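Scroll down for the structure; my scribbles are underneath it.
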Amino acid sequence: AAPSTRPSPLAGQSVLITAGPTHEPIDPVRFIGNRSSGRMGFAIAAAAANVGARVCLISGPSRLPTPAGVERVDVETAEQMYQAVLDRAPQAAVFIAAAAVADYRVEARAMHKIKRDNQPDQLSLVPNPDILKAVAGLTDGPLTVGFAAETDDVLDNAHDKLTAKGIDMIAANAVGEGKGFEVADNALTVLWPGGHRELGHKAKTQLAAELIDLVGERFHAAD
Ligand code: CTP
Ligand code: CA
């Protein structure tokens, strides 16, 4: 697409973004994690800053550099991400949840390294808070945008998440072998109540710019 000449509806607006994985500690040296690199969320943060938004990026553990003009807050666990997001969400105009948040954490993390001779026979897990759903439930909260990373029935599952979480938009994302995680490109279809747009398969940086254009359009429409 040609670069737009008009100012973005997001110019000057506060945009809050989550990115990366979370790490859920087992003991001081071990954690449960996932394959998210943070690339998609960092690219969205850069794209939002490019259109003049005031961007705060809440990032799980990621080695990526902070995009220019973006305020970054580093967290490790889903609970820390929840706290960092809920502290800021009431003041945000838009919330984009690109993080791959662990659905569960270890119920009682060991405070000392678990030794080979003390093999635990099981790890008890408890559910983490759903950050996106919590933000969608705020009165006068921001426009909410989620991601649905799915290996199967991508569009159906994404549509179910849009409804179940009560969010404004969702980007459906096929993941699996060589797709979605740990790669530089991606394919997204964005759904909202009453519409959808296929953004196709391209570099995450390009997808991020197109997603930010679309979020700007929906933000303007809801205004
Ligand atoms: N999400 C979140 N907090 C969580 C889990 C997920 O904010 N504890 C957000 C993700 O950032 C994403 C959206 O919710 O934007 C959907 O995440 P996903 O893992 O696909 O959905 P879940 O509701 O966790 O369902 P499932 O893992 O069973 O597919
Ligand atoms: Ca999940």
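Each residue in segment 35-56 was checked for being touching a residue at least 40 places away in the same chain (Cβ under 8 Å) and more than 12 Å from the chain's Cα centre (by Cα), and 11 pass.
Only one of the listed residues (Arg88, Arg30, Arg63) is under 17 Å from the mean Cα position of the chain (by Cα), open to solvent by 90 Å² or more (accessible area, probe 1.4 Å) and more than 16 Å from ligand 2 (Cβ to nearest atom). That residue is Arg63. Can you say whether Arg105 is closer than 19 Å to Asp27 by Cβ, in contact (Cβ under 8 Å) with a residue 12 or more places away in the chain and within 12 Å of ligand 1 (Cβ to nearest atom), as far as the supplied structure shows? Yes, satisfied.
State yes or no: is Val145 under 21 Å from Ala93 (Cβ atoms), part of a strand (DSSP E or B) and of a type in the set (A, V, I, L, M)? For Val145, the condition - under 21 Å from Ala93 (Cβ atoms), part of a strand (DSSP E or B) and of a type in the set (A, V, I, L, M) - is met. Of all the numbered requirements in (1) within 13 Å of ligand 2 (Cβ to nearest atom); (2) exposed (fewer than 12 other Cβ atoms within 10 Å of the Cβ), Gly178 misses one, and that requirement is (1). Name the pairs: first residue in segment 121-135 and free of Cβ contacts under 8 Å to residues at least 40 places away in the same chain and among the aliphatic types (A, V, I, L, M), second residue away from ligand 2 (no atom under 16 Å from the Cβ) and open to solvent by 90 Å² or more (accessible area, probe 1.4 Å), Cβ to Cβ under 6 Å, at least 6 apart or on different chains? Taking only residues 6 or more apart or on different chains, the pairs are Val126/Glu107.
The values are calculated or read from the model by the stated rules, or taken from the named source; none is laboratory data. Model, not experiment: these values are computed from the prediction. Note that we place each Cβ from the backbone using ideal geometry, even for glycine, and neighbour counts take in every protein chain shown. Keep in mind that these areas ignore ligands, DNA and RNA; they rest on the heavy atoms of the full protein, side chains included. Shrake-Rupley method; radii C 1.70, N 1.55, O 1.52, S 1.80 Å.
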